[in-house]
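Right, one structure below, let's go through it.
The values are calculated or read from the model by the stated rules, or taken from the named source; none is laboratory data. Keep in mind the model is a prediction, meaning the values are calculated, not measured. When we count neighbours, we look across all protein chains shown, and the Cβ atoms used for this are built from the backbone with ideal geometry, even at glycine.
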Ligand SMILES: [Zn+2]
C-alpha cells in the first residue's frame, strides 16, 4: 500500500512539472517551427555562398540570427523538446542541406541544446577558436555554407566514445528519419 501511495505522489509531482513546463513552452515558443523533412535532401556542392538578402529569404528570422549572426537559441525550447523525442535519423544544415550529424552520435547531455559526441560527415563540419565574451571556446560551423551551428566542448567526463559535446542549436538542424530516407535503422534491424 505504501509503495502505491508513493508511486502516485511521484506521478503527480512529475505530471505537474511537465504541465507547467509545457505551458511555459507553449507561450514562449508559439511561433517556433519544427523541421521534420520527409526526404533526404540532395547534398550541396561546397561552398554555398549567398548574400544576406538571399539568406533571409530561405531562413526563418531565428535561423538567420543563429547561422549568419552567431546567435544562440534559448535552451530547453520547443524545437529541442522535439529533438529529444526524435528516433533514428540524419540531421542536416538548415542553411544548405549538408549532412552534419546522425542519431548514432546523439546523446543526452541534459544541457538544453542538442548534443552529439561527433559529426557524421567530418568534411561538412569545421571548428574555429572563438574568443567572444572574454572566454576561449571552440565554435562549430557548417563547412559548406559557413553557418554558425554552436560550440564543441571536450573532456567534460561524458561516457561517450570521444568525450566531446557538440552543443548545437536545435533550430538550425533539419531532421530526416532513416525510414523516410530509405535508410535502414540499425537498431531496428536486429529485432
Ligand atoms: Zn550549411
Reported set for the range 84-102 where residues are surrounded by fewer than 21 Cβ atoms within 10 Å (Cβ to Cβ) and within 23 Å of residue 55 (Cβ to Cβ) is 97
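Within the range 131-144, take every residue that is buried (at least 16 other Cβ atoms within 10 Å of the Cβ) and either free of Cβ contacts under 8 Å to residues at least 40 places away in the same chain or more than 19 Å from residue 102 (Cα to Cα) (or both) and give me the one that is farthest from the ligand (Cβ to nearest atom). Spell out how you get there, then give the answer.
At the first step, the residues of the range 131-144 found to be buried (at least 16 other Cβ atoms within 10 Å of the Cβ) are 137, 139-144.
Right, trim to either free of Cβ contacts under 8 Å to residues at least 40 places away in the same chain or more than 19 Å from residue 102 (Cα to Cα) (or both) and you get 137, 139-141.
Working: 137: 20, 139: 14, 140: 11, 141: 8 Å.
Ranking the qualifying residues of the range 131-144, first place goes to 137.
From 103, 120, 132, which residue is more than 14 Å from the chain's Cα centre (by Cα) and either assigned by TED's automatic domain parsing to the domain that holds residue 42 or modelled with pLDDT of 95 or more (or both)? Walk me through how you get there before you give the answer.
Working: 103 fails: more than 14 Å from the chain's Cα centre (by Cα); 120 fails: more than 14 Å from the chain's Cα centre (by Cα).
Criteria check complete, one pass: 132.
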When the range 111-126 is checked residue by residue, the ones that are surrounded by 16 or more Cβ atoms within 10 Å (Cβ to Cβ) and within 16 Å of the ligand (Cβ to nearest atom) are 114, 116, 119, 120, 121, 124, 125
- Within the range 65-75, is even one residue farther than 23 Å from residue 124 by Cα and at pLDDT 95 or above? yes
Report task. Assess whether residue 161 counts as being modelled with pLDDT under 95 and either away from the ligand (no atom under 16 Å from the Cβ) or at positive phi (or both). Result -> no
